[in-house]
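Notes to accompany the following structure.
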Amino acid sequence: MNAIDPLPEDKSKAPAVDGALDILEALIQSTYPLSLSEIADRVSMPVASCHRIIGTLLRRELVVRDLQRKKSYCVGAKLFQMASAAYFQQPIVSLFHSTADVLKNELHEAVNLTVLAGSHALVVAHVTWPFAETFGVYVGMSHPLHQDAAGKAMMSMRPEYIQKHYWEEFIDGRAHALSHAITLDDWLRDLAEIKRIGYALTRSATAPDTYSLAAPVLNRRGEPLAAMGVCFAAQKDARPYVTPLIQATWQLSSRLG
């Protein structure tokens, strides 16, 4: 099993790649097509450099010229095709929906499917309950594993050497960014308890006064493929959610084979 990639260095060794990604993010986040000067301003890049990068993105069809606003650009269909291909390469997604439909009706809450994406927990599917809040959860949302119930649930099923490596690279290495210090013993003890009880319960990273509850989905070798989870208001009792959620993850695991 591969170890987690280490922290990236602060200074980029591929500024053109960073520039292309910054431009794509600017276009995705904008509610309207952007001109060259508007893009350059948003990504803090010289217009000439921005023009060269956009030329490449145009050739690759990741960016296209807008038909309504003259000399402006928007995200191209190729980007959506790439995202869709990555989405449908997750065979667990199609099986998740039928299981989540039953669970949402039992819990009266939205149900999420999260997978490991390096050092982050990435939401890849989200089934809503019509009368419940989503608590800010959406497909594509990601958080560092240690800040997310689904991330902790999956990490609890990883070998101890990976748990230690994660702490060294992403917790101890970023102590200045944490609200309180997390020692290695605390981290390992927390994960051991999550593994013992079969679920993780944390304060949600997306909304105040909200809890996030998640349980791992495992393959036949006991390795975590994903985690199913729900969010709910902190004033609610978590216990009625636990057993149905764990049973749903067992059902999903058995369907994966």
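Of everything in region 199-211, what is at pLDDT 95 or above and either surrounded by fewer than 19 Cβ atoms within 10 Å (Cβ to Cβ) or among the small types (Gly, Ala, Ser) (or both)? Give them in sequence order.
200, 201
Somewhere in region 98-117, is a residue within 17 Å of the chain's Cα centre (by Cα), of a type in the set (Ser, Thr, Tyr), surrounded by 16 or more Cβ atoms within 10 Å (Cβ to Cβ) and farther than 21 Å from residue 247 by Cα? Break it down stepwise before answering.
Looking only at region 98-117, we keep the residues that are within 17 Å of the chain's Cα centre (by Cα), and these are 110-117.
Now drop any that are not of a type in the set (Ser, Thr, Tyr), which leaves 114.
In the following step, the residues that additionally are surrounded by 16 or more Cβ atoms within 10 Å (Cβ to Cβ) were identified as 114.
Applying the additional criterion that residues be farther than 21 Å from residue 247 by Cα yields none.
The answer is no; no qualifying residue exists.
Are any residues in region 226-236 at pLDDT below 95 and not hydrophobic (A, V, I, L, M, F, W, C), and if so, which ones?
235, 236, listed by residue number.
Can you pull out every residue in region 212-241 that is aromatic (Phe, Trp, Tyr) and part of a strand (DSSP E or B)? Give the derivation first.
Kept after step one, since they are aromatic (Phe, Trp, Tyr), are these residues of region 212-241: 232, 241.
Result: 232, single match.
Please state which one of 70, 104 is basic (Lys, Arg) and in a helix (DSSP H, G or I). Let's see the steps before the verdict.
Working: 70 fails: in a helix (DSSP H, G or I).
Testing whether each residue is basic (Lys, Arg) and in a helix (DSSP H, G or I) leaves just 104.
Could you grab the pairs with beta carbons closer than 7 Å, sequence gap of 6+ or different chains, first residue in region 116-131 and assigned by TED's automatic domain parsing to the domain that holds residue 143, second one among the basic types (Lys, Arg)?
That search, which allows pairs on different chains as well, returns 127/104; 129/104.
Looking at 97, 108, can you tell me which residue is over 12 Å from residue 228 (Cα atoms), of a type outside the set (Phe, Trp, Tyr) and in the same structural domain as residue 242 (by TED's automatic domain parsing)? First the steps, then the outcome.
Working: 97 fails: over 12 Å from residue 228 (Cα atoms).
Result: 108 is the single residue among 97, 108 that is over 12 Å from residue 228 (Cα atoms), of a type outside the set (Phe, Trp, Tyr) and in the same structural domain as residue 242 (by TED's automatic domain parsing).
The values are calculated or read from the model by the stated rules, or taken from the named source; none is laboratory data. Keep in mind it's a predicted model, so treat the numbers as computed, not measured. Virtual Cβ from ideal backbone geometry, glycine too; neighbours counted across all protein chains shown.
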